[in-house]
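Here the structure is laid out as structure tokens; the discussion comes afterwards.
The values are calculated or read from the model by the stated rules, or taken from the named source; none is laboratory data. Quantities reported herein were computed from a predicted structural model and do not represent experimental measurements. In this analysis, Cβ positions are derived from the backbone assuming ideal geometry, glycine residues included, and neighbour counts consider all displayed protein chains. Accessible surface areas use protein heavy atoms only, side chains included; no ligands, DNA or RNA. Shrake-Rupley method; radii C 1.70, N 1.55, O 1.52, S 1.80 Å.
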Amino acid sequence: MTTTYTSYRLISADLATSLKRVAEQPDVKRESEYYLAKIGSIKSIDAFFADSRLYNYAMKAHGLEDMAYAKAFMRKVLTEGIDSNDAFANKLSDSRYKELAESLNFARHGEAATSFDRAQKGVVDKYSRQTLEVDAGNENTGVRLALYFERMASSISSGYSIIADDAISQVVRTALQLPMEFVGTDVDRQAAYYEDVLDLTDFQDPVKVGKFLERFTAMWELDNPSGSYDPLMVFQPTSLTGISTDLLISINNLKLGGR
């Protein structure tokens, strides 16, 4: 059986080829062509929500597919944008919401929001990368975690940013061989521990990230030799600072929600 590290490296070593192969898959190509053909004509948040195919594509591209149902919640993310410190997306610990608001920045650019490359090819590139990671996870979730960490590592600026992202936290805890009970300890102590035992600046260096992922995949293989472990929940956007499930449902039921 191919090891987690070998599978990860086969994809990562020639990422451009891996992404091209994904982009040429008939279903991916079909959805990407539709997105590129239509997104430039979208001039408002209302119009964006009205085309469920575009909306679902953008959500998947940003790893938010499981939150597609929460249209009132997502409308608030896009309506408030990212320019204000008090903007909704900036208050959420999960950076994927902010990334979506950056890609489709209606709050800042209004009708011109979808004319920028980041709203067009940028989203398509994210969709291909997300599909690549999900496909890899269908075979071995450790590979998906490694690819995700590789992509997100440069965003780690503190111990709290590790805690805020369940997938990143899973990788770090596995590499450091921390027990699950560690998650239940005081958040400030968790953050302090990470900052004490890790040099977070290493995550800005692709070579050092690669070394860290060698350790992660080795430890993952010890814990999950069959590659059958599938903690998909770590990829679901549940890290909402100060947002309870009940409040999330209430927001989604607001009359100003999407269609």
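Please give the contour-minus-distance gain from residue 118 to residue 183: 0.36 nm per residue of separation, less the Cα-Cα distance, rounded to one decimal in nm.
Roughly 19.9 nm would be gained on extension.
State, to one decimal in nm, how far the label point of residue 218 lies from the label point of residue 25, with both points 7 Å from Cα in the Cβ direction.
3.2 nm
Kindly sort 10, 92 by accessible area of their heavy atoms, largest first, with the probe set to 1.4 Å.
10, 92
Could you tell me whether the chain comes out rounded, prolate or oblate from its Cα gyration tensor? Rule is a ≥ b ≥ c as square roots of the eigenvalues, rounded for a/c under 1.5, then prolate if a/b exceeds b/c, otherwise oblate.
oblate
Heavy-atom accessible area per residue, the chain, 1.4 Å probe: how many Å²?
49 Å²
Out of 57, 193, 69, any idea which swings most in a Gaussian network model of the chain, alpha carbons joined below 10 Å?
193
What distance in nm separates the two pseudo spin-label positions at residue 69 and residue 109, each 7 Å out from Cα along the beta-carbon direction?
Placing both labels 7 Å along Cα→Cβ, they lie 3.2 nm apart.
Could you sort 30, 129, 9 by their accessible area in this structure, using a 1.4 Å probe and putting the largest first?
Final ranking, largest accessible area leading: 30, 9, 129.
Can you list the aspartates and glutamates whose alpha carbon is less than 17 Å from that of residue 29, not counting same-chain residues fewer than 8 positions off?
Partners found: 125, 133, 135.
Straight-line reach from residue 43: which lysines have Cα under 21 Å away, leaving out those fewer than 8 places along the same chain?
60, 71, 76, 98, 121
Karplus couplings for the range 135-146 from phi (6.51 cos²θ - 1.76 cosθ + 1.60, θ = phi - 60°), rounded to Hz, Gly and Pro as x?
Here the 3J(HN,Hα) series is 4, 5, x, 5, 9, 7, 5, x, 5, 4, 4, 5 Hz.
What lysines does residue 208 reach when the alpha-carbon gap must be under 25 Å and sequence neighbours fewer than 8 apart in one chain are set aside?
126
Between residue 160 and residue 17, what is 0.36 nm times their sequence separation minus the Cα-Cα distance? Round to one decimal in nm.
48.1 nm
On the accessible surface of the range 66-153, probed at 1.4 Å, how many percent belong to carbon and sulfur atoms?
Answer for the range 66-153 is 43 percent, counting heavy atoms of protein chains only.
Roughly what would the spin-label model give for residue 86 and residue 199, points 7 Å off Cα along C-beta, in nm?
Placing both labels 7 Å along Cα→Cβ, they lie 4.2 nm apart.
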